[in-house]
Amino acid sequence: MADSITPLLDALQQALVPPTRAAAALPAASDLQFERTLSRKLARSLDTESERVLSLASRVLAWASSGNNAAGGKAAGAADPLDPDLIREGVYNGVTERIEALLEQADEGVEKHLGIGKNRKGGVGAVGAKSAQEMEERERAKAKVEPLPARLLHDASLEKPQKRFTARTRLPIPSVDDHSADGSSAVPLWKPILRRKVNASAGEDGEDGWLKAELYEPKSSFTQTTSTSPPTYTRYAHPYASELASLRPPSSFFNKPQKPAPHPADSFTKTPFEWVGDEKALEKMVAGIRQVGEEGMKDLAIDLEHHDFRTWSGMTCLIQLSTRKKDYIIDAIDPGVRENLESLNEFFTNPEWIKVLHGAKSDIVWLQRDFGLYIVGLFDTYHATHVLGYAQHSLASLLDMYTDFEPDKRYQLADWRIRPLPKEMLQYARSDTHYLLSIYDHLRLALHAKGAASKETPSPIEDVFNRSIPVSAITFSLPPFDHETGHFESGFLVPLARHGQLKAYSTALAVPTLPIKTGWGPGEAKLEVLREVTRWREKVAREEDESTRYVLSLQGVLQITETGAAGRIKEGRDVMQVLGGAKGGVSDVVRRRKEELAQLVKETFEKVTGRAVDGHAEGDVDMVGGAATLAVTNAQLSLPAEEPAVRPAQGVWGDAPVASTSSSAPLVPVASSSSFYGAASTASAATSGIVASSSSFFGASQAKKTASKASKGKGRAEEQAEAIKRVHDSLVLGGGLGQSLQPKLVPTMQPAQVDVDMVDQVDDNAVVAEEPDRGPPAALSADHTYVPLTGRLPKPDISATLAASKTEGLTPHVAPKAKDSDVIVVSSLKDKPKKRRRQERQAAVPARADDLPGLSSSVPAVGNPQSPPAQQPKAKKPKKDKAQRPAPESIVPHDYSASRSILDAEPVRSTGAERREQDKRQRKKEAKAEKLSGTKGFEIDVSDFRRAPRVQNAPKKGQKSQSFQK
């Protein structure tokens, strides 16, 4: 049945190719609509072809629907005809209904054929596919498999076999510092161990022809993310580079093979097998392979088993070889066998021999490193699965597809150093190559059947051969340890990427001035600790000849980094506590060298942060984040310390900074202390310029000793009264806040009060403030004091004025004597009438200079006879006699302690739509309360209503509906 279906499927696939290509070549519908407007002939042709295609499609769907209905018991032709108008408008409901029924029938037929779904018992199964019962049995068998014993996964009692290797086959372990800065002038860290180049091209034989050094620029998967590249270094080129560049597949490679016979159940028993464990067995094996090649079967299946947990470089433990007649397993850790395995280059480097491997990247490197073996003429079955378009590309999937053997994946991570090998491990290793040549034949058949995509492109089988050449050209070399950029497997970028912080490091590396610090940037604590711990891990692994993951796992590296960057690792026991819960635990290497690791982490933390682990270092400053980064950078680059961006200055608001980086910058006249909040510090007048030395609003912040002594014993009421008086005195016109902020001299003496009742007499002994000198004052007062208006006006020359008036016979114009009541007190203006406010303003602020006493323009100045006569003053309205005028009302000082403070103001309400919405909700709430109060006459007080406590052991009652009634 399967043979009858296969030609039908092939014919169907070939029939679908031409219409698919034709449909893809058709122009878009919008283009056709545009083109048909340009040509009537094209429009008629399009309409004709559309009708023809629509008629054909309708007939096919009608035929399929009729057959379906007939099979279902309906009469043939009973299906509803398609509506052509709907299809022209793009409505395909009728078409999809018919196609869905056909697809359902196809699915049911496939399930029945494969024996799956509801048709598990029926069907013969597809070619190479297992039945449902067989698949279920396999799953049950997998579930019963127990994990391997710990001894097979890692035998800790084994002595390291690499200690018995010869000097030639033992990989040299360089120090972490064995390379130059750029690698261009360094000697290669590893030299190929190939002693004789066999199967060389003409003119390329000899050491001088193939052993060449080259400058290698490695690639890294982290380059795109970090914008950094690993360092270049010198290495030896591939010995067979010229042969691989000119390699062509042999003529026999293109011959179509015969379909291989299926492997019998006892295939392992019938096929000869040999264990190669000494030099004589190796020589016998080479002779047997040579004999098989002479018979024309030049195909080799190759696979390797590797161990890299208890050695720094890793070692190849087994080599599996299979010919068309026999299977071999080579003990690669035997010193004699390992030393002479180079003899296999007779076949490995011969392009007439096809070497079949699966996923050969790692195998190619290990063969070069450990044995000096090179592959010329590779067929990688992994690339064959890609060319054929298979969904899975593993060797296990190929075994499932073409054989009945299922490998036990538990042995994939087994310790292959164990000798003698258990029977199960031996069978697993043998199976990797035992079936590989049969799989190779199946893949070649599929590649021959596929055919080339076009005449210009190579055939699929040749494409696989060409894809395998770059894999053969992979060259092993030892890269230097990358301590700076962190590339390669031993660098710090691997744990950084595993921790998910690679992007943070890349951002900090690209933008060094980024203010946001993540801890993973250059010069930051976490990254520097990670860098040093990774270097220590690599250094110790090379010294102990252990793998880096055995010394310290990636999780342990990250935990040590996080804890050490926080300053919590001081000694060795801290390392043991941190690694106790990490994956892999604490290795024997770390247990012996824990104090060394703790000291390294501690010193790195102190170097980066400038702090000691136990506390602050003497004379150091606690720097975190950007400050620590700057300190480390300057120290590393030997740069001088940066000059501060601002210098401290005593400004209006206290110690405000003034932008200046020059020590010789002129001093700006600023207030040495805050005029609003009080003095923040004390400064001399000589250094600060013209300043106000203390606050006139809240008073001096630093009281004098005498004032503090005098204030002792005062009651709280007296202190409040003095504070209110200071506020009152600072707010009066001429001595208030605005004047206190000006850089001018403040009177220091309390002037004598002038008797306001004496109009015609003047006290000559009264002290008035004279015009202050513009130069720097000798001393400044400690606080502002209240100065009445009489003390702030210049003293008039009364004698000169009277003498002049008597001699000229004129009636002198004498301004009224200033009174203390002329002082304006800050208070609410709504409490005063407009007329009174106007009079007070006129009395407090004279409009002209001639209104001031003693400066009348009608009297010439004494001692200046040349001055012109003053103009007569304008006529004024007659004023009422003083006796007739009402006595001025006494002004009551404003009680500021009872006033509302601006600090107690209501918070700013919301504005706009939000405020209107709040008002609307408030009005609704008030209206509802008013309505309830008006209709029912009472309100429900729920202020003390509480839910009853729940009883824990009471049964649940579910949801209840409750209401309150009168």
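Some observations on this one:
- Apart from one condition, LYS144 fits all of (1) under 30 Å from PHE309 (Cα atoms); (2) surrounded by 11 or more Cβ atoms within 10 Å (Cβ to Cβ); (3) modelled with pLDDT under 75; (4) charged (D, E, K, R); the exception is (2).
- Residue within the range 536-554 that is under 18 Å from PRO495 (Cα atoms) and touching a Gly at 6+ places or on another chain (Cβ under 6 Å) present: yes
- Some residue of the range 300-310 being surrounded by fewer than 15 Cβ atoms within 10 Å (Cβ to Cβ), of a type in the set (Phe, Trp, Tyr) and within 29 Å of HIS448 (Cα to Cα): no
- Counting only helices (runs of 4 or more DSSP H) that fall entirely inside the range 313-373 and contain at least 2 residues that are in contact (Cβ under 8 Å) with a residue 40 or more places away in the chain, within 30 Å of ARG542 (Cβ to Cβ) and assigned by TED's automatic domain parsing to the domain that holds ARG419, the qualifying elements are 335-340, 361-371.
- Scanning the range 409-456 for residues that are farther than 17 Å from PRO149 by Cα, outside any helix (DSSP H, G or I) and in contact with a Leu (Cβ under 7 Å, 6 or more places away or on another chain) gives a single hit, TYR435.
- Subset of the range 298-312 (residues that are farther than 24 Å from PRO351 by Cβ and in a strand (DSSP E or B)): GLU305, HIS306, HIS307
For every residue, the table says whether it meets (1) touching a strand residue (DSSP E or B) at 6+ places or on another chain (Cβ under 7 Å); (2) surrounded by 21 or more Cβ atoms within 10 Å (Cβ to Cβ); (3) on the phi < 0 side of the Ramachandran plot.
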| position | (1), (2), (3) |
| --- | --- |
| GLU456 | no, no, yes |
| PRO479 | yes, yes, yes |
| HIS483 | no, no, yes |
| HIS499 | no, no, yes |
| SER506 | no, no, yes |
| GLY523 | no, no, no |
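Conditions tested, residue by residue: (1) surrounded by 11 or more Cβ atoms within 10 Å (Cβ to Cβ); (2) touching a residue at least 24 places away in the same chain (Cβ under 8 Å); (3) out of contact with any Asp or Glu (no Cβ under 7 Å at 6 or more places or on another chain); (4) small (Gly, Ala, Ser).
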residue	(1), (2), (3), (4)
PRO19	no, no, yes, no
ALA24	no, no, yes, yes
ASP31	no, no, yes, no
GLU35	yes, no, yes, no
ARG40	no, no, yes, no
ARG44	yes, no, yes, no
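- For the range 569-618, filtering for residues that are over 20 Å from LYS526 (Cβ atoms), among the hydroxyl-bearing types (Ser, Thr, Tyr) and under 31 Å from the mean Cα position of the chain (by Cα) leaves 0.
- Answer from LEU552, LEU530 - the residue that is surrounded by 23 or more Cβ atoms within 10 Å (Cβ to Cβ), assigned by TED's automatic domain parsing to the domain that holds LYS602, over 22 Å from the mean Cα position of the chain (by Cα) and not aromatic (Phe, Trp, Tyr): LEU552
The values are calculated or read from the model by the stated rules, or taken from the named source; none is laboratory data. Just so we're clear, the structure is a prediction, and the values are computed from it rather than from any experiment. Glycine also receives a Cβ, built like all others from the backbone with ideal geometry; neighbour counts cover every protein chain displayed.
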